[in-house]
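Before anything else, here's the structure in question.
The values are calculated or read from the model by the stated rules, or taken from the named source; none is laboratory data. In this text the structure is predicted, and so the values were computed from the model without any measurement. Cβ placement follows ideal geometry from the backbone for every residue including glycine, while neighbour counts extend to all protein chains displayed.
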Amino acid sequence: MLLCAAFQLSMASAKSGVPTECDMAGYVMVYHKDADHGLHMAYSWDGYTWTALNDDRPIMAGDTIAVQKGIRDPYIFRNPKDGAFLVAMTDLHVFGQRDGVRTTEWERDGKLYDWGNNRGLVLLRSKDLIHWHRTNLDFSSLTCPTAEVDGERKPVSWKDVGCVWAPEMTFDEERQQVMMHFTTRFFRGRNHIRYVYMNDDFSAMTSEPSLLFSAPRDESGAFTKSMIDSDIIKIGDTYHLFTTEHGHPRHSTSPHLTGPYVIDPTFNDSLSAVHEAPMVWKLIGQHRWILMQDRYSMQPHNFYFCETEDFRTFHPLGYFDDGHSPLHRTNFSEQKHGAVVQVTKKELRRLIKYWNSMK
């Protein structure tokens, strides 16, 4: 039955031109580094040993693609509709003053808009991971309602968005559209997760931003904490949402992509220290998934990994190169906020050849 299923998947892939897991042979990871605020890329053939492309220099400089001259929080996703690779990133330089790209600490007054304020995202689309089409989204220009109010209960507009961070993507099978979800904050308020649907070119939103997930409320109705950094994966008929609540991971589930999501109180990743940016990726041909998180509270920065087969029990794998972990880096360090996508042998060989030729 498994061979028959694999054959059917392979035939479907050949007919549609979109590769399936049967065609996959390796992995590509994207991440950013505080040192340069550019887009970095690494690869692995087995999912455990990783090598940075371009000798760990940015494959794309933040000052050439972002309004704030820097990017953070890159996420990579393959659109199952056409097989194109999509990358979404936060348009933000947190050391802009230090690096001489602006004269102030933040783009706007931190007393009004808080830490790391920004207005938009950087989007990329490619068929080969080498040639990219770019779009810059400015959320502060939106005119639709935000469903947010200020301290006097007056409506707040999108021009007062305090942050648009950490975009991630999933696919809505019913709508046959890519759904992009991301963190938002207005002024100095709490952070929540919102979502929009994107067009097939990944160049424009086709829906207004809607609330996806937020922290619990207290008795007065006020949000008690901030909720950031979402990732969604569908297993069977269940959608699994991973988020970060004040530095601690949350696992929630729903039978519907847009929720409502219910927090799983039994979730345990075996780590008490604060971390963020949860991202789940599947090991090719195996019934195993890896949960990767950014341990931003340690120096130097590193990723923490867990493994699961059932999304109930998560077995700790440790950090990159910590002596106990099966995950290793060959030529990079201090990576932040990573994301992984499966690739075919042809795609990965072409990518490696291209960057080797650039040396």
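I235: surrounded by fewer than 19 Cβ atoms within 10 Å (Cβ to Cβ) and among the hydrophobic types (A, V, I, L, M, F, W, C), yes or no?
Working: surrounded by fewer than 19 Cβ atoms within 10 Å (Cβ to Cβ): yes; among the hydrophobic types (A, V, I, L, M, F, W, C): yes.
Judged against the criteria, I235 is a match.
So, one more: Please enumerate the residues belonging to region 199-226 that are touching a residue at least 40 places away in the same chain (Cβ under 8 Å) and either within 13 Å of E148 (Cα to Cα) or among the aliphatic types (A, V, I, L, M) (or both).
Of everything in region 199-226, those that are touching a residue at least 40 places away in the same chain (Cβ under 8 Å) and either within 13 Å of E148 (Cα to Cα) or among the aliphatic types (A, V, I, L, M) (or both) turn out to be A204, M205, P209, S210, L211, L212.
Yes/no per residue for (1) within 24 Å of L211 (Cα to Cα); (2) surrounded by fewer than 20 Cβ atoms within 10 Å (Cβ to Cβ); (3) in contact (Cβ under 8 Å) with a residue 12 or more places away in the chain; (4) of a type in the set (S, T, N, Q):
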{"residue": "G247", "(1), (2), (3), (4)": "yes, yes, yes, no"}
{"residue": "N268", "(1), (2), (3), (4)": "no, yes, yes, yes"}
{"residue": "L283", "(1), (2), (3), (4)": "no, yes, yes, no"}
{"residue": "E307", "(1), (2), (3), (4)": "no, yes, yes, no"}
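Taking region 209-224 as the search range and keeping residues that are loosely packed, with under 15 Cβ neighbours inside 10 Å and not small (G, A, S), which one is farthest from V87 (Cα to Cα)?
Selected residue: E219.
Report, ordered by the first and then the second residue, all pairs with beta carbons closer than 6 Å, sequence separation of six or more or different chains, a first member in region 114-138 that is at negative phi, and a second member that is hydroxyl-bearing (S, T, Y) and modelled with pLDDT of 95 or more.
R119/S140; L123/T135; I130/Y354; W132/S126; T135/S203
Sticking with this structure for a sec: Tally the residues that are hydroxyl-bearing (S, T, Y), closer than 25 Å to D237 by Cα and more than 20 Å from the chain's Cα centre (by Cα), restricting the search to region 281-328. Walk me through how you get there before you give the answer.
Step one: filter region 281-328 for residues hydroxyl-bearing (S, T, Y), giving 296-297, 304, 308, 313, 319, 325.
If we keep only those that are closer than 25 Å to D237 by Cα too, we end up with 308, 313.
After this cut, where a residue has to be more than 20 Å from the chain's Cα centre (by Cα) as well, the list is 313.
Residues flagged as hydroxyl-bearing (S, T, Y), closer than 25 Å to D237 by Cα and more than 20 Å from the chain's Cα centre (by Cα) within region 281-328 amount to 1.
Please state which one of V122, V164 is touching a helix residue (DSSP H, G or I) at 6+ places or on another chain (Cβ under 9 Å), aliphatic (A, V, I, L, M) and closer than 22 Å to H248 by Cα.
On the way: V122 fails: closer than 22 Å to H248 by Cα.
Only one candidate qualifies: V164.
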